[in-house]
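Each remark here refers to the structure printed beneath this line.
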């Protein structure tokens, strides 16, 4: 029935101006504020602005030396300079694909000796030149770059200097939230700045990070560098409105709008935001600015017709490289000679960088071949070296004579609690982990009893909290991330797959990412197609993840400890069907360690090798026992570690060398099976050892249906295991005779 | 007097060259440094080519319509 009368509920008129919102303020410099700013600070701001401009100009003019795109920050220098000068040295920033300005500003202010005053200094201090040169060399893809040439322009990191950039729009924002979380947990009173563009306010990572930062009142400054375009798309098209500071209102978060062409105004805004962030929680700064060039490369945006030359002229008249020094002179704070000196110093700095890594030839400027990284070193830093030196008694797998059996669930809870107890940098985060007496599966019960302050229940934002864990891990914290169900990893693929496993490599193999993700395989619970995956394969195809799927309580302890000790990203899987199984712990108890590359011989046999782990192993053992009565001798090996780098190849080849037959058993649906990967790990040595084709037993190739008989049918079935083992063993025996 | 070449500038990752669409100045014209003297078109962009120096155009080597790679000399400008 149509409503005939006027609606009783009135919709409030939208389209308010940003300043109508009580949480938003415009930053106006007070009269005299410029003059009240220390001259050295103003000189540094001018130096940073010029250094960025000279640096970017040189790169654009020599774009043929840069392999890949150059997202120039020309026009946005004042935002970075003002931001960095308001920070403490130990503060952190994350930035974007357009980050040269942010990185230079942060590293210059980080490296500058306290007596460096650009208006009087005869030369640039060596640490500043070193920091700028390493950034310059990285963008050129050189070994001496910040990341050994692996990251280049869009993936820059120097954890000590406090910079990290991501090429994925929004990717760095949750990371900054995590760095702020680290500051808060450690009580450093530091802040993290997430610098990002207007386009990033459309993506979930921004909203998840803002939610997390506000929920936990983290010391984050969301620095929105509003240059008004996502490539060629305007704010009208991407947001429907133009004053993006309004976004902060939805988080009940204060916001400041500032002239991003004025470094002193940005400095004032950042200083105020910093104080608020440390005391109370996150602040958003919208800095209004403009990129003078197109998305990347040396052409203006107008060449692509998405904006006018008039608009570009308007912003060119506000150029901080010209306006800021003129203001300093006009205010009587600097002489003409002084501002010229600062510019010369910046030019000399970039000239020195160029001279350090290029040579002039008759054909133009060239980079000597010797400066590029060696291809012999191309795998450097994908993973760390493993668990390091572990005391032999912690590796002893023999259960003590008086050992008490514990359940798998108690092992999970116990070893997590043990880590939080022994490592002040360790913490757990995930949905509900701090509630319900130990999370939805009771696995943080132990940790909640001893260190509840480091068991953090998150909002429902997997990409946000996975990214936060990553950011904290980059600073040496030791997060344990709980994904309530494995399939929820798909919510966080940007952080879990496009950031975490790549970080160690793309940032030059220098920065550890000590982070564990644990989740529970939930097949067989009637949770259906969207909760029922075994995610081992998903993580295994991204080098940089280690993956382990412990089969027993004792193994869970040993493998979880190894996962934490490697200081690499590790996925640790458990399975609800294992939770009530019991095993006796070795003498080291909750400190027992099973390093990567250590398979376990579960059962010795002659006729066929079966590789199985987790729930699949539990299913294979009784089948093997039964077949033993029929004269079939089955060898079972649990690889424990499933990723290529951690897989115990030698143990598998040794076993197959003796039996000549191989069956891989797992419960995953066929397309999510590890079996194909495992066979690939064993090539080319596997096939000469086999007397019959390797067989794989998996679940049916459908997502888990809810109906109980259907779900039971599509998962691993004992008759399939038995048939495969018999077929392989028989063919193997025939081949042998 | 010396001569400076007007070349197809670096066009970034967007293009390795383009097509001359118009000469706004002719042989014999006096031009100022920074003045737009020609237009070039890439697949995505229209690029204004500026005189690199103040002087006089003495030769145009690539007429409108010509396909030109980055670095190609388009004109010669004579100057002090």
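The values are calculated or read from the model by the stated rules, or taken from the named source; none is laboratory data. Bear in mind that the values here come from a model prediction, so they are computed numbers and not experimental data. All Cβ positions, glycine included, derive from the backbone under ideal geometry; neighbour counts span all protein chains shown.
Values as computed for the structure displayed
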{"read-out": "Number of the condition not met by residue A:724 [criteria: (1) part of a helix (DSSP H, G or I); (2) closer than 18 Å to residue A:549 by Cα]", "value": "(2)"}
{"read-out": "Hits in the range B:63-80 (condition: surrounded by fewer than 13 Cβ atoms within 10 Å (Cβ to Cβ) and in contact with a helix residue (DSSP H, G or I) (Cβ under 9 Å, 6 or more places away or on another chain))", "value": "none"}
{"read-out": "Hits in the range B:11-28 (condition: closer than 22 Å to residue A:309 by Cβ and surrounded by fewer than 18 Cβ atoms within 10 Å (Cβ to Cβ))", "value": "B:19, B:21, B:22, B:24"}
{"read-out": "Residue in the range A:347-355 that is in contact (Cβ under 8 Å) with a residue 40 or more places away in the chain, out of contact with any helix residue (DSSP H, G or I) (no Cβ under 6 Å at 6 or more places or on another chain) and assigned to a loop (DSSP other than H, G, I, E, B) present", "value": "no"}
{"read-out": "Flag for residue A:93 being in contact with a helix residue (DSSP H, G or I) (Cβ under 6 Å, 6 or more places away or on another chain) and surrounded by fewer than 24 Cβ atoms within 10 Å (Cβ to Cβ)", "value": "no"}
{"read-out": "Which listed residue, of A:143, A:130, is free of Cβ contacts under 8 Å to residues at least 40 places away in the same chain and more than 12 Å from residue A:55 (Cβ to Cβ)", "value": "A:130"}
{"read-out": "Any hit, the range B:4-14, residues being farther than 21 Å from residue A:299 by Cβ, more than 14 Å from every other protein chain (Cβ to nearest Cβ) and either assigned to a loop (DSSP other than H, G, I, E, B) or in contact (Cβ under 8 Å) with a residue 12 or more places away in the chain (or both)", "value": "yes"}
{"read-out": "Test: residue in the range A:302-324 that is within 14 Å of chain B (Cβ to nearest Cβ), crowded, with 17+ Cβ neighbours inside 10 Å, within 32 Å of the chain's Cα centre (by Cα) and modelled with pLDDT under 95", "value": "no"}
{"read-out": "Residue in the range A:242-249 that is within 14 Å of chain B (Cβ to nearest Cβ) and within 20 Å of residue A:97 (Cβ to Cβ) present", "value": "no"}
{"read-out": "Which listed residue is more than 12 Å from chain A (Cβ to nearest Cβ) and either touching a residue at least 40 places away in the same chain (Cβ under 8 Å) or assigned to a loop (DSSP other than H, G, I, E, B) (or both), from B:37, B:27", "value": "B:27"}
{"read-out": "For residue A:589: the one exception among (1) within 18 Å of residue A:413 (Cβ to Cβ); (2) in contact with a strand residue (DSSP E or B) (Cβ under 9 Å, 6 or more places away or on another chain)", "value": "(2)"}
{"read-out": "Candidate set from the range A:61-75 (those that are more than 8 Å from chain B (Cβ to nearest Cβ) and surrounded by 17 or more Cβ atoms within 10 Å (Cβ to Cβ)); member that is nearest to residue B:9 (Cα to Cα)", "value": "A:62"}
{"read-out": "Those helices (runs of 4 or more DSSP H) lying entirely in the range A:61-156 with at least 3 residues farther than 27 Å from residue A:198 by Cβ and not assigned by TED's automatic domain parsing to the domain that holds residue A:502", "value": "A:126-139"}
{"read-out": "Residue that is under 30 Å from residue A:55 (Cα atoms) and touching a helix residue (DSSP H, G or I) at 6+ places or on another chain (Cβ under 6 Å), where the choices are A:387, A:365, A:415, A:339", "value": "A:339"}
{"read-out": "From the options A:175, A:163, A:169, A:193, residue that is surrounded by fewer than 21 Cβ atoms within 10 Å (Cβ to Cβ) and touching a helix residue (DSSP H, G or I) at 6+ places or on another chain (Cβ under 9 Å)", "value": "A:169"}
{"read-out": "Qualifying residue in the range A:208-217 (condition: surrounded by fewer than 24 Cβ atoms within 10 Å (Cβ to Cβ), touching a helix residue (DSSP H, G or I) at 6+ places or on another chain (Cβ under 6 Å) and at pLDDT 95 or above)", "value": "yes"}
{"read-out": "Hits in the range A:472-491 (condition: in contact with a strand residue (DSSP E or B) (Cβ under 8 Å, 6 or more places away or on another chain) and under 21 Å from residue A:95 (Cβ atoms))", "value": "A:472, A:473, A:474, A:475, A:477"}
{"read-out": "Residue list for the range A:596-637, filter: within 29 Å of residue A:563 (Cα to Cα), assigned to a strand (DSSP E or B) and over 37 Å from the mean Cα position of the chain (by Cα)", "value": "A:603, A:609, A:635"}
{"read-out": "Positions within the range B:41-78 being part of a strand (DSSP E or B), under 19 Å from residue B:12 (Cα atoms), free of Cβ contacts under 8 Å to residues at least 60 places away in the same chain and away from chain A (no Cβ under 12 Å), in sequence order", "value": "B:67"}
